[in-house]
Amino acid sequence: MAAGSGAEAAAAGVGRHCTELIAAAGPACVAVKLQLACFERLGAPGWAALGQARDAAREAGLLVLADGKRGDVPVTAAAYAQALVGETATPWGPVEGLGADGFTANPLLGRDSLEPLVVAAAEAGAGVFALVRTSNPGAADLQDLPAPDRPVHERLAELVASLARDLQGSGGLSGMGAVVGATEPEHIARLRELMPAAIFLIPGVGAQGGRPENLAAAFSAGPASGLVAASRSIVRGLDPAAAAARLRVAVWEVSAA
């Protein structure tokens, strides 16, 4: 077997799998959240599979969210932005990036690490979702610590709110969004208060135990102010189309309440 053929075969299978899932579940969705690590671990063929999944989402009329949780010093953050929503100038012409409609970002390096991402998103008409209060059990280890008079996640929320005007839309919501997990819903109302214009990207529903009926506070800024992300409960279900349709109904009931 030639060198690299294993990665190429695996990536081809991943591309087919994503295309089939998007065709099945896409009609009940508004976006596809592509976990970059699952493609990047396959090397260059994995990046090609990522492009295939992006194209399938585009053909299905869905938004493409790149979930890579990027964050670094400003010069490197700018390079991440080029890779995700922009292009890179070279002596041989511009090299297009992924062309995502939005992406996740890690804000723990501070405001200057987010600013190049926000600038690039504004130029591309894309969105940024900064981690604020995530859905994993270990989130409380740091994100709930006092800093000093309020939890870290509230300080992060204030940072998001301060950047929201740079991506403000005509409808009042901002493309400067926040990742707010569904697994600890007691935080959601306070975070909505601190980030009234932010669109919440809400992971943790399904396999992680989050429930749509607990998310009403996330949608208090309107039905478009939240995106509920469910991955394993749809991807690993016996009927992904039915699983996505059930979630759509449950989220719509909450968001339109």
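Throughout, read-outs are computed from the coordinates displayed, never taken from laboratory work. Just so you know, these numbers come straight off a predicted model, no measurement behind them. Counting neighbours? That spans all protein chains shown, and the Cβs are built from the backbone with ideal geometry, glycine included.
Points to keep in mind about this one:
- In this simple spin-label approximation, ALA79 and ALA31 carry label points 7 Å from Cα along the Cα→Cβ vector, and these lie 2.6 nm apart.
- Which of PRO94, TYR80, LEU65, positive extreme of dipole for region 4-126 (C-beta unit charges): LEU65
- The chain: antiparallel DSSP beta bridges as a percent of all, rounded to 5: 15 percent
- The alpha-carbon atoms of region 61-138 define a convex hull whose volume equals 99 cubic angstrom per residue.
- Projected label points at ARG190 and ALA48, each 7 Å from Cα along the beta carbon direction, are separated by 5.0 nanometres.
- Candidates GLY51, GLY181, GLY13: whichever shows maximal mean-square fluctuation once the chain is modelled as a Gaussian network with Cα springs under 10 Å: GLY13
- Loop-located chymotrypsin sites (Phe, Trp or Tyr not before Pro) across region 68-145 with a Cβ neighbour count of 10 or fewer within 10 Å are TRP92, with loop assigned by DSSP.
- Counting all C-alpha pairs of region 108-234, share separated by more than 19 Å (%): 45 percent
- For region 20-175, size of Cβ-based charge dipole, Lys and Arg +1, Asp and Glu -1, in debye: 160 debye
- Each helix, a run of at least 4 DSSP H residues, gives -39500 (n - 2.57); summed and divided by the residues of the chain, these come to -13500 deg cm²/dmol at 222 nm.
- Charge-dipole axis of the chain as Lys and Arg at +1 and Asp and Glu at -1 on Cβ define it, positive-most pick from SER113, GLY46, GLN168: GLY46
- Extension gain, ALA60 to ASP239, is 62.6 nm, computed as 0.36 nm per intervening residue step minus the present C-alpha separation.
- Our note on the geometry: Cα centres of region 86-103 and region 200-257, 32 Å apart.
- Shown here: Cα extents along the principal axes in Å, derived from the displayed model; of the candidates (i) 54, 40, 39; (ii) 59, 47, 37; (iii) 53, 46, 40, it corresponds to (ii).
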